[in-house]
1. Helix 65-75 versus the longest principal axis of the chain: what angle, 0 to 90°, nearest 10, using Cα atoms?
2. Obtain the nm distance between the two label points defined at Ser44 and Ala146 by a simple spin-label model: each point lies 7 Å from its Cα along the Cα-to-C-beta direction.
3. Using the 10 angstrom Cβ neighbour count as an exposure proxy, how do Arg32, Arg278, Arg179 rank, fewest first?
4. Where Rh denotes the Kirkwood radius from the mean inverse Cα pair distance, what is Rg over Rh for the stretch 39-85?
5. Work out how far the C-alpha atoms of the stretch 162-292 reach from end to end along every principal axis, then list the three figures in whole Å, largest first.
6. Mind checking the dipole of the chain: about its Cα centre, +1 per Lys or Arg Cβ, -1 per Asp or Glu Cβ, Debye to the nearest 20?
7. Out of every Cα-Cα pair in the stretch 243-287, what percent are more than 12 Å apart?
8. Considering the dipole of the chain built from charges on the beta carbon (Lys and Arg +1, Asp and Glu -1) around the Cα centre, which of Ala220, Gly111, Pro77 is farthest to its positive end?
Amino acid sequence: MKLFKLMAVTAVFSLSAFIAQSPSAAKLCILRGFDFSIYDEVVSAFKKEVHDWEIPCDLILKNNQNEVAKLIHQHHPDVVLTLGNSAEMYMQNNFSNTPVISGMAKNVQAGIKKSGIAIEIPYDKQLYLVKQALISLNRVGIIYSAKNLSKAQKFIQAAKRQGIQVNSHAVSNPQEVIRVMPKLQNEDLFWILLDEGVLTVKNRDDILQLANKLGLKTYAFSPVYLKGPHGADLSVSISWSSYGKQMASLAKKMVTNPNKTYPVEEPFDVRVYMKKGRTGLNYDVANIVIVP
């Protein structure tokens, strides 16, 4: 009888320990760098995947660092979900021992108690998808700022791997872009790089209008630039709801085994955005989103 009671107590203790370590019993805090609407879609999808977790705080870091520190100390979460560069850096500098899953940031890194989902889509993947969407793609034109030469070189190397030639031109400031664009007129596609020395809020409309006037097929790094009568033709972007689900999956792994190092993951659900009614585009490609 004593042996039976001992076994029963041991079983109950083991079950209690399992429940305590189970992802279903996890406590999570969310930390957004800013109050961006795009974060809402990611967080909404994330929460649906961890609906049985306790989420005592969903915080915005901007101008609120003292309150953020107070609440994270108070709730002592099993993991913190960070969105944005500033949120990731804040946790790294102030709560280095707290497990963190990072997203929507430029330099997500993996390490002990730290991982995340990258926000950048590799050029090889972007080019592969665009080749399917554009009926003829042999030559691409790019304009890059001299300070971002390394980014242009990475693009050129990826294009070569896809069998695409690149006509590249450097500019020293955004005002030069309009002058250089006619040199790309004979290319199959004008690829607008994510380069603050090329595309700005001030010259964005002028660039898109001139591309339209020159008859240039245009790729933009965000689907936002496909809107309007002079919008770009193509973009490749992440499905943000799927991104949130992917972050939740990684968070569950970290909570289950917090001592394991998990590599940074590439976003697995990437969509091709295409402007409605443009000639020369293949609208039958998979995973397509039509922008009116």
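Taken together, the values in this text are just the output of simple stated rules run on the coordinates, not laboratory data. As the structure is a prediction and not an experimental result, all values here were calculated from the model. FYI the Cβ positions are ideal-geometry reconstructions off the backbone, even for glycines, and counts take in every protein chain you see.
1. 40
2. Reported label-point gap for Ser44 and Ala146 is 4.6 nm.
3. Values: Arg32 22, Arg278 16, Arg179 10.
Least to most surrounded, the residues fall as Arg179, Arg278, Arg32.
4. Ratio of gyration radius to Kirkwood radius: 0.96.
5. Projected onto its principal axes, the Cα set of the stretch 162-292 covers 56, 37, 32 Å.
6. On the way: 34 positive and 24 negative charges, 87 e Å.
So the magnitude is around 420 debye.
7. Working: 710 of 990 pairs.
Percentage above 12 Å: 72.
8. With unit charges placed on the Cβ atoms, the residue in question is Gly111.
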